[in-house]
Amino acid sequence: MSKVVLLAVNAKYVHSSLAVWALAAGISEYSDFPHDVKIVEATINQTNEEIIEIISSYSPEVVCISAYIWNAKKLPDIIIALREQLPKAKLILGGPEASFNVNYWIAQGGDEVIVGEGERKLPAMLDKLCSGEKSFAKANQPENIPLSYQPEISPIDPYTDEYFKAIKGKLAYIETSRGCPFSCAFCLSAGDKVRFFPMEIIKQQILKLSKSEARTIKFVDRTFNCNKERAYQLFEYILGLDTHCCFHFEVAADLFDERTITLLKLAPPGRIQLEAGLQSFFEPALEASARKTSLYLAEKNIREIMCGGNIHLHVDLIAGLPYETLAEFENSFDRAYALKAHTLQLGFLKLLHGSELRRQADALGIIYSKEAPYEIEYSPWLSLEDINTLKQTENALQHTANKSRFLKVIEYVLTVSNLKPFNFFRIIGVAAPNHGEDLSKYATELFDICLKLPNVEHSKLRDSILFDWLGMVKGKNMPSRLKLADNSKSQITELAEKNLGRKIRRDEAAILSTGQGIYVDSENRNLVTGLYKVIIA
């Protein structure tokens with residue numbers, strides 16, 4: 001028997017790692033020898049000393065570490081510390097960062113690297129150690145080796161009682177397939193044949209997760225709806241469950257058919273979240289990235305899904321794709337924003353180990369950080385200044401619309417000023433960069449900036465920001481500069497309490513410039529947008 005620690009270093013506390021639990025299930029299922037397996041889930045925000053102390057407390061003979069872009073900078077120091085603390089322990093690396101960069105992780109102090117899927121490979125390694133082998137061949141494959149997927153692998157059940165104790169209040173993950181039918185040059189799943197796990201097994205796992213205390217259940221399938229009929233069956237099954245869980249899917253928006261969209265419109269509010277990667281509306285950039293999609297169908301389907309009002313929809317753009325200049329990206333941004341999705345993620349191209357674009361980067365003239373997450377720094381189409389502009393714009397977007405904040409303000413200003421969305425967020429991002437600023441202070445800054453924009457009226461802007469404040473904030477006083485002294489406010493409060501049948505805070509009501517009163521029902525929160533219901537008296 002060997003004593004084994006499976007280590008996951010997650011990006012946030014609310015995240016969990018499916019990989020370590022799947023590996024633990026693989027060891028249980030496929031090992032010829034018994035192994036004492038402990039799972040350690042840490043975060044990048046914990047100190048290395050704290051993580052090492054937890055691992056060392058189990059006195060492991062083997063430590064298996066999952067390497068991803070979010071923890072790749074932290075892991076080398078952890079490996080060094082493990083070498084000092086546990087000099088006799090074997091260190092085995094796996095995950096996408098290790099699979100495509102084997103020699104680097106061996107040089108950092110790893111003993112072995114598992115390339116590709118580990119559910120069978122790791123038990124085989126552990127059994128060899130138990131059988132007396134002191135070492136085994138290192139997987140020193142070239143950096144550009146494809147993932148060595150094993151088509152014969154069958155889904156195993158990682159969802160033990162211990163797992164469910166660990167994910168209370170966190171994100172839980174599930175996979176119903178592996179691989180992707182597409183060949184996007186920025187993605188590690190490009191060109192991997194899709195393998196679907198048996199439907200009945202997946203339904204059993206979904207049912208168990210739906211009864212858990214997980215906050216959200218996220219499907220890790222690269223393109224969940226690449227098989228339309230299968231996706232329909234699973235959506236239908238999930239809609240029929242008695243659960244309060246939210247289910248999140250990564251989808252190709254252009255692959256939806258009317259039958260599936262009609263079904264999705266029947267989903268209880270908050271049951272389904274969809275994330276659709278658009279990446280760009282600039283055809284040369286899509287072509288250079290081997291991204292195949294029908295932009296017309298994607299736009300059409302996103303608009304139709306949004307009309308249902310019951311599904312939170314997230315769309316993605318990638319800044320930095322070949323041939324797309326700042327001006328062209330602005331067009332992509334404005335076109336994506338016009339879809340009125342709940343979240344518009346402005347991401348930046350990452351040149352991942354193993355991706356086709358990383359192999360082409362030198363020839364294309366793309367300069368990127370040599371440290372994870374390998375983000376673009378500049379290119380022939382985007383200068384350093386352009387990248388900085390995009391970063392500022394992304395900052396403003398992330399602290400406003402993407403958090404369902406100041407939506408009335410944004411709508412009003414865009415309407416009267418005739419500014420395009422990208423230019424509006426760029427102005428905000430430059431004038432009021434937000435790095436964890438107090439929301440009240442940020443609201444005041446936003447008010448002052450917008451007041452200087454063309455055709456914006458003080459009273460209408462104030463009304464908009466008051467409406468937003470009541471809907472997005474609970475139990476927090478509104479900025480004093482936005483309050484309007486009015487003797488009739490007490491009457492609005494009395495009316496609100498009569499209509500709601502309960503007492504409310506004084507700051508849960510306000511007077512608009514028109515003399516109308518508004519108040520918020522702070523016990524009525526929209527499950528899709530997260531906003532509280534604001535009522536005009």
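Within the span defined as the range 294-316, one or more residues are farther than 30 Å from D242 by Cβ and assigned to a loop (DSSP other than H, G, I, E, B). Tell me, please, whether a residue that is within 22 Å of the chain's Cα centre (by Cα), of a type in the set (V, I, T), closer than 30 Å to E371 by Cα and modelled with pLDDT of 95 or more can be found in the range 323-339. For the range 323-339, residues within 22 Å of the chain's Cα centre (by Cα), of a type in the set (V, I, T), closer than 30 Å to E371 by Cα and modelled with pLDDT of 95 or more: absent. When E377 is evaluated against the numbered criteria (1) closer than 28 Å to Y68 by Cβ; (2) in a loop (DSSP other than H, G, I, E, B), which criterion, by number, is the only one it fails? Condition not satisfied by E377: (2). For the range 274-293, the set of residues classified as touching a strand residue (DSSP E or B) at 6+ places or on another chain (Cβ under 9 Å) and either farther than 24 Å from L349 by Cα or charged (D, E, K, R) (or both) consists of E275, R291, listed by residue number.
Check the range 384-393 and report whether any residue there is at pLDDT 95 or above and assigned to a loop (DSSP other than H, G, I, E, B). No, the range 384-393 contains no residue that is at pLDDT 95 or above and assigned to a loop (DSSP other than H, G, I, E, B).
Residue pairs whose Cβ atoms lie under 9 Å apart, sitting 6 or more positions apart in sequence or on different chains, and linking a residue in the range 355-372 that is closer than 20 Å to A290 by Cα to a partner that is assigned to a helix (DSSP H, G or I) and among the polar types (S, T, N, Q), are I366/Q360.
Does A172 satisfy the condition of being touching a residue at least 60 places away in the same chain (Cβ under 8 Å), among the hydrophobic types (A, V, I, L, M, F, W, C), within 30 Å of F100 (Cα to Cα) and assigned to a loop (DSSP other than H, G, I, E, B)?
So A172 fails the test.
The residue that is surrounded by the fewest Cβ atoms within 10 Å (Cβ to Cβ), among those in the range 250-269 that are out of contact with any Lys or Arg (no Cβ under 8 Å at 6 or more places or on another chain) and within 16 Å of T343 (Cβ to Cβ), is V251.
Residue under question is A396, and the condition is that it be among the small types (G, A, S) and closer than 25 Å to Q273 by Cβ; does it hold? Yes: the conditions hold for A396. Can you say whether L321 is without any contact (Cβ under 8 Å) to a residue 40 or more places away in the chain, touching a Phe, Trp or Tyr at 6+ places or on another chain (Cβ under 8 Å), among the hydrophobic types (A, V, I, L, M, F, W, C) and not in a helix (DSSP H, G or I), as far as the supplied structure shows? The answer is no for L321. Only residues that are over 19 Å from F406 (Cα atoms) and part of a loop (DSSP other than H, G, I, E, B) were counted in the range 463-521, giving 12.
The values are calculated or read from the model by the stated rules, or taken from the named source; none is laboratory data. Fair warning: this is a prediction, and the values are worked out from it, not measured in the lab. All Cβ positions, even for glycine, are placed from backbone atoms using ideal geometry, and neighbour counts span all protein chains on display.
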